[in-house]
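Q: This structure is in C-alpha cells; I'll ask about it shortly.
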Amino acid sequence: MNLPKEVTIIEVGPRDGLQNEKNLISTEDKIAFISKLKSSGIKEMELTSFVSPKWVPQMKDANDIISACLDDNRNFVLAPNRKGIDLLYQTDCKAVAVFVGVSESFNKKNINKSTKESMEDLGPIITELKDKGYFVRACISTSFYCPFEGKVSSEDVVALCSQFVQFGVDELSVADTIGMATPQEAFFLFKSLKEAFPNTLLTAHFHDTRGMALANVFAALQAGVDRFDTSAGGLGGCPFAPGATGNVATEDVVFMLAQMGIETGIDLDKLVEAVKVIEPHLSRGIESKYFGLNT
C-alpha cells in the first residue's frame, strides 16, 4: 500500500462544522472550543467566515473569534467575495479560504453566481491576496456529486482546479460536499489531481452522509493525499446542500490513522475533551464513533 508516514489534519469544526448549527452558540463557547482543539495538537484550522449574518447568523462574531484565536499556526478565515476580503484585511489573519462549486446549480444557490462568474471575480482577488503575502486555499465544492445535477465530471473538477493553480493559490481543498463519493471515485479523482498539480498542496474534504467518509479517506491516502479537512464531533452540513450531513469526524480519522501507524501529532484524549466543550450547546448529537465509545 502507498501510505504516508505523516498526515496533516485541518480542523474545520469551528466554521464548517458550526455554520449549519440551529442553536446560536455564544462567542465565548466557540472560543473555548477552539482553544481546546488547539491544545490537542491541531496546527491548521478554519476559525470562522466573513459571510452575510442574514444568511449564516452563526458566523456574525467573526471579528471577535479572529481577535481571540489567532496564533502562530495557520488559521484560515473563509471570505467568499470582495466584501469578505475587505473585512479580512481589517484583521491580522494572513490565511484565507475562497470557494467555488464545480456545479453551476450549486454555485448559483450558494452565492447567486455561475461558476464562470465566480472565477472571473476571484482571479484578481487571489492575485491581490498573493501580492499582499496571504496564504490562499481554494475550496472546490461538489467535486463528485451535486444535490441538483447529480454526478459531476472529474474533468470539470480538474479544469476548475487548473484555473485556481494558474491564479496562484497555495492549496486546493476538494470536497465531496454531499457525501456520495465512493472509494473508487475518491482514488481516481485525487490520483488525477496529484498528477496534474504536484506542486500545489492538495487536501481531501469528505462528508459522511452515506457512511463512506473513512473509506474515502483511506482511498485518498493511497492516491497520495496527506492532508484532510475534518470536523471534531462530525459536526457540519451545508445550508445550500439539502441532505448533506456532517464532515468526517476528526477523532475517527485520527484514531484510524494512529492504528495504521500514521502520525498526526494530535492527542485523542484532548480532542475528546474539545468535543465535550461544544456538545452541550448543539441542537443535535455528536456523530463520531470514537467519541461515543470513549465518553
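Q: With respect to Glu44, is the statement that it is over 30 Å from Glu6 (Cα atoms), surrounded by fewer than 22 Cβ atoms within 10 Å (Cβ to Cβ), modelled with pLDDT of 95 or more and not polar (S, T, N, Q) true? Outline the logic, then answer.
A: Working: over 30 Å from Glu6 (Cα atoms): no; surrounded by fewer than 22 Cβ atoms within 10 Å (Cβ to Cβ): yes; modelled with pLDDT of 95 or more: yes; not polar (S, T, N, Q): yes.
No.
Q: With (1) closer than 17 Å to Trp55 by Cβ; (2) part of a helix (DSSP H, G or I) as the list, and Phe99 as the residue in question, which single condition is left unmet?
A: Evaluating Phe99 over (1) closer than 17 Å to Trp55 by Cβ; (2) part of a helix (DSSP H, G or I) leaves (2) as the failure.
Q: Scan region 55-70 residue by residue and report those that are in a helix (DSSP H, G or I) and touching a Cys at 6+ places or on another chain (Cβ under 8 Å). Spell out the reasoning first.
A: We begin by selecting, within region 55-70, every residue in a helix (DSSP H, G or I); these are 57-59, 62-69.
Hit for region 55-70 is Ile66, nothing else.
Q: In this structure, does Ile126 turn out to be β-branched (Val, Ile, Thr) and in a helix (DSSP H, G or I)?
A: yes
Q: Give the residue that is surrounded by the most Cβ atoms within 10 Å (Cβ to Cβ), with candidates limited to residues of region 20-41 that are over 19 Å from Glu273 (Cβ atoms) and touching a Leu at 6+ places or on another chain (Cβ under 9 Å).
A: Asn20
Q: Of the residues Val174, Val169, which single one is aliphatic (A, V, I, L, M), under 19 Å from Gly84 (Cα atoms) and either more than 20 Å from the chain's Cα centre (by Cα) or not in a helix (DSSP H, G or I) (or both)?
A: Within the list Val174, Val169, the selection yields Val169.
Q: Something else now. Any residue that is surrounded by fewer than 17 Cβ atoms within 10 Å (Cβ to Cβ) and of a type in the set (Gly, Ala, Ser) - is there at least one of those in region 59-78?
A: Yes, region 59-78 contains a residue that is surrounded by fewer than 17 Cβ atoms within 10 Å (Cβ to Cβ) and of a type in the set (Gly, Ala, Ser).
The values are calculated or read from the model by the stated rules, or taken from the named source; none is laboratory data. Source: prediction; values computed, not measured. Cβ: placed from backbone, ideal geometry, glycine included. Neighbour counts: every protein chain shown.
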